[in-house]
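Accompanying notes for the structure given below.
Taken together, the values in this text are just the output of simple stated rules run on the coordinates, not laboratory data. Bear in mind the structure is a predicted one, so any value in this text is a computation, not a measurement. Backbone-built Cβ (ideal geometry, glycine too); neighbour counts: all protein chains shown.
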Amino acid sequence: MIKESKINHDQGNIWRTPVNYERFPKPKGKIHIFPERCKECNYCTNYCPNEVLERSTSVNVYGYHPVRVKKGKEDSCVACGMCQTICPDFAIFVTEVRQ
Amino acid sequence: MTDVLPPGRYFTDGNFASTEGAILAGCRFFAGYPITPSSEILERMSKRLPEIGGHFIEMEDEIGSMAAIVGASNAGMKSMTATSGPGFSLMQENIGLGMITETPTIVLDEMRAGPSTGIPTRVGQGDVMQTRWGSHGDLAPITYSPNSVQESFDLTITAFNAAETYRQPVIIASDQVIGHLSETLEVKSEDEYEIVQRQTRKVRNGSEDVYNYSDDFVPMFVSGTGFRGNVDSLTHDEKGYPSNEAYVEKKMLEHLLNKVRKNEDKIVKYEEFYLDESDIVVVAYGITSRAAKYAVKIARKEGIKAGMFRPITLWPFPEKRITQLSQRTKTFIVPEINYGQYSHSVREVGQIETKEIHFTPGAVPDYKVILDQIRRSVS
Amino acid sequence: MTSLEFHPKHQYVREERFPHVWCPGCGLGILLQSYIGAVEKSGIPQDNHVLVSGIGCTARIPGYVNMDTYHTTHGRAIPFATGIKLANPDLKVTVISGDGDLFNIGGNHFIHAARRNMDLLVICSNNFNYGMTGGQHGATTPPTSKSASTPYGNIEPAFNLPHLAYALGASYVARWTVMHPRQLVKSIKTAMEVKGFAFIEVLSPCPPNFAKFNGFADGFEEMEFYRSNSIVRNEAKLDDISIDPFHGKPVVLGDFVNRKRASYVTLERELIKKSMEGSR
């Protein structure tokens, strides 16, 4: 049976979902944070495609609120590495978890 | 043709001698900007360096020239530039860079009449204090002052050796007349000259400090050898990392000054003439010392107890010797082709009557003026 | 989530110096990361890279990179790097500095290095003002925008840097922003393979100064403004890509130029070879 490709409409952009989408396993990532390096610039929280990260309420030694993984989003990271690439402070990196 | 000038007798000018002296001392990188009266050095370097595998580049200005030679020296090459007053002013910024990063280089300043553009091809000695205090901040510069073609050759080698030993830019304060004067130059064979070779650090991969402020002579690292050090124009600690702390500044600065101050006896050079029982001592350097020497000779013939002291290192100031002389002399006479610069230091250290002779920049000093002053000082 | 772990790029940075001096929201950390990303991918050993900078916020980048690094005087990074490159042509010498350093005080050195096609990679972080001294305007401040020294709006036109570099003869010219880190890494890596003068302009925010003076809440908002107003045009006409985002002009990004021109080091090598043979 041939599946029809799905079409998603998001802010006027059209994203086509490949027909064999279901067959590929979703990668899983583990996020590592150096809280003492974070300066809460919000780049990672804004650029995470799955909105996994948020500003925490704790305070680091320089007075910033370092980022943390949202409650309930622990398994949502897909190891795209965007947060690591965009972090100006070398405060976050991602490793892929083998499933 | 060998790399260096073959031994023998040459009839040539100071600029030629400086160039060949530098090459014999191991200079293999020259960056410069044309300026009268030092352009012949740049021209000769552009011919000589490529044929011995060295590098020559004519930069866009003197600021760039000085930056380039400090850079090249950090990459392991003995490097040099040559200029005159206006260019020397532009170089001050990166002379300071060479000082704080402890990079050996040579700056040859052929003094001409100033201020500003002044008289491009007429002699002056107005940069003497600039070689001492030119770049901002506290410095302990080493400045040599040749007074002949022979010394242009020999002192350039000495200057390169001092730069390598004390790891800092060394200035040769020549003048227009010495640069363009033609006379005999005697060159010995290469192995008769003592050449200080660059001492460099071995590989560390970031494990060793770049500096050691308790040691005056720490070899530098050369870029591309895997040392992974940071060289910084900011006040830096021994790791080479910048710091805003006064105690780091104190440690760094005292190291920079002390490595010269503690070794003044080894660095200071001077020449003396008729100094036995002299009541009057003429302190003169560069081209002025040749007029002064002649004046002293005539004065001696007239029975006047006059002598001459010629500092070869203008800086560090020959403080010990001037102090000794001041104890057995009545008067210092300091003739200079400026309106009184070195005389201030002589007076400050000597603490005795010090008379200044101001030769106006633009003309070679007349020995008669010095002789007149000697005669008047007696009566 | 513990500090005992190492960042994947830790061998390229001086970790003991972190956190770095830059403000929250500053893009220079991203540029630093992009540079070492390109070093990693370049295939050139880490110890054959040399990084030189002038003065300013951007010029602090070398201090965090674990290789032979030089932080020199204001505007003089390019001639300093020229000295290193000529003295040891085997090194890959990169100059990384700000717009004020490279184009205001150091403009003369830039134009001559590009004209000579000197084998250097020059990366200019352009934040449109003098960040370290408090946000005064400079040669790249867009028209009518505000700064600490143009409170009524800037009346001077700004440099169009890629066009300038191209006109001077640079072999490689590109423009990206720190919001394009993947393209930037690729661009820097390509530029490292170029023989001759390579120039990359990288737009970066200045959260406490340029962003504040021009109505952005923080660095993120400023960069998001440029990113959303940007288009990628590799074949753009370079005389038409000056940066003027406050008047509705899109910010044009791309790898604009990659051409072959005889480089200085190549020509100098030939000259030395010829003259050494001639003197025998």
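Assorted remarks:
- Of the beta bridges in the range C:89-198, as assigned by DSSP with both residues counted there, near 30 percent are antiparallel.
- If you take all other residues with their beta carbon under 15 Å from the beta carbon of C:Ala87, and give Lys and Arg +1 and Asp and Glu -1, the sum is +2.
- Total charge dipole magnitude, the range C:18-278, about the Cα centre, Cβ charges on Lys, Arg, Asp, Glu only, Debye to nearest 20: 480
- Under DSSP loop assignment and at most 13 Cβ neighbours within 10 Å, longest GluC sites (Glu not before Pro)-free interval of chain B: B:1-193
- Across the cross-link table entries B:Lys78/C:Lys273; C:Lys186/C:Lys273; B:Lys47/B:Lys269; A:Lys73/C:Lys186, which are compared at the Cα atoms, the separations over 23 Å belong to C:Lys186/C:Lys273; B:Lys47/B:Lys269; A:Lys73/C:Lys186.
- Model label sites at B:Ser189 and B:Lys47, defined 7 Å from Cα along the beta-carbon direction, differ in position by 2.7 nm.
- Only Lys, Arg, Asp and Glu carry charge here, each on its Cβ (+1 for the first two, -1 for the last two); on that basis chain B has a dipole of about 780 debye about its Cα centre.
- Pairs of alpha carbons in the range B:271-378 whose separation is greater than 23 Å (percent): 15
- Model label sites at B:Trp133 and B:Arg328, defined 7 Å from Cα along the beta-carbon direction, differ in position by 3.3 nm.
- Once the mean of 1/r is taken over each pair of separate Cα atoms and inverted, the protein assembly as shown shows a Kirkwood hydrodynamic radius of 28.6 Å.
- For the range B:111-120, putting each phi into the Karplus relation 6.51 cos²θ - 1.76 cosθ + 1.60 with θ = phi - 60° gives couplings of 5, 9, 5, x, x, 6, 5, x, 10, x Hz, in residue order, rounded to whole numbers and with x for Gly and Pro.
- Residue list for the range B:224-253, given a label point 7 angstrom along the Cα-to-Cβ vector of B:Arg201 and an amide N cut-off under 14 Å: B:224-232, B:236-242
- Chain C, relative contact order in percent, only Cα pairs under 8 angstrom and at least six apart counted: 18
- Here B:Ser182 and B:Tyr339 are evaluated by their C-beta separation; at R0 = 30 Å the FRET efficiency comes out at 0.50.
- Efficiency of FRET between C:Asp240 and C:Ile155 - r from beta-carbon atoms, R0 25 angstrom, step 0.05: 0.70
- In sequence order, calculated HN-Hα J values of the range B:162-178 (Karplus, 6.51, -1.76, 1.60; Hz; x Gly/Pro): 5, 4, 5, 5, 9, 6, 7, x, 10, 9, 10, 9, 8, 9, 4, 5, 4
- In chain C, the C-alpha radius of gyration followed by the widest Cα-Cα span (Dmax) gives 18.6, 68 angstrom.
- Positive-end ranking of A:Gly72, B:His236, B:Ala299 along the dipole of the protein assembly as shown, with charges on Cβ about the Cα centre, is headed by A:Gly72.
- Electrostatic tally near C:Val251: other residues with Cβ closer than 14 Å to its Cβ, Lys and Arg +1, Asp and Glu -1, net -1.
- When chain C is treated as a Gaussian network with alpha carbon springs shorter than 10 Å, the biggest mean-square fluctuation among C:Gly248, C:Gly131, C:Gly43 belongs to C:Gly248.
- Amide hydrogen proximity for A:Ile92: with H placed 1.01 Å from N in the peptide plane, the residues at 5 or more positions away or on another chain lying under 5 Å are A:Phe34.
- Three-way shape label, the range C:96-233, alpha-carbon gyration tensor, a/c 1.5: oblate
- Cβ-to-Cβ counts within 10 Å put B:Thr131, B:Thr329, B:Thr121, B:Thr235 in ascending order as B:Thr121, B:Thr235, B:Thr329, B:Thr131, the fewest first.
- Helix-only [θ]222 nm of chain A, DSSP H runs n ≥ 4, -39500 (n - 2.57) each, per residue, nearest 500: -2000 deg cm²/dmol
- Cα-based Rg of the range B:142-212 normalised by 2.2 N^0.38 Å, two decimals: 1.49
- The range B:189-302: C-alpha gyration tensor shape, a/c 1.5 cut-off, then a/b vs b/c: prolate
- Most fluctuating residue given options A:Ile14, A:Ile31, A:Ile86, as computed from a GNM of chain A linking Cα atoms under 10 Å: A:Ile14
- Counting every other Cβ atom within 10 Å of each residue's Cβ, B:Ser207, A:Ser76, B:Ser343, B:Ser223 order from fewest to most as B:Ser207, A:Ser76, B:Ser343, B:Ser223.
- Convex hull volume of the Cα atoms of chain B, normalised per residue: 136 Å³.
- Under 5 Å, built H, 5+ apart or other chain: amide partners of C:Asn126: C:Val202, C:Leu203, C:Ser204
- ³J(HN,Hα), Karplus 6.51/-1.76/1.60, whole Hz, each residue of the range C:90-101, x for Gly, Pro: 6, 7, 9, 9, 10, 9, 10, 7, x, 5, x, 5
- The relative contact order of the range B:222-331 comes to 26 percent, based on Cα pairs under 8 Å that sit 6 or more residues apart.
- Shape call, the range B:14-165: gyration tensor on alpha carbons, a/c limit 1.5: rounded
- Residue order, fewest to most surrounding Cβ atoms within 10 angstrom, among B:Ile69, C:Ile105, B:Ile57: C:Ile105, B:Ile57, B:Ile69
- For chain C, a Gaussian network of Cα nodes joined below 10 Å ranks C:Asp240, C:Asp218, C:Asp119 by mean-square fluctuation, and the top entry is C:Asp240.
- Taking only Cα atoms of the range C:1-121, radius of gyration then Dmax in Å: 14.8, 50
- Compared with the direct C-alpha span, the chain from C:Glu221 to C:Lys41 gains 61.7 nm at full extension, assuming 0.36 nm per residue.
- Cut-off 13 Å between beta-carbons: net charge of the residues surrounding C:Trp176, Lys and Arg +1, Asp and Glu -1: +4
- The H on the amide N of C:Tyr70, modeled in the peptide plane, is under 5 Å from the matching H of B:Val231, C:Leu51, C:Val52, C:Ser53, each at least 5 residues off or on a different chain.
- Taking each DSSP H run with n ≥ 4 as -39500 (n - 2.57) and averaging over every residue of chain B yields -12500 deg cm²/dmol at 222 nm.
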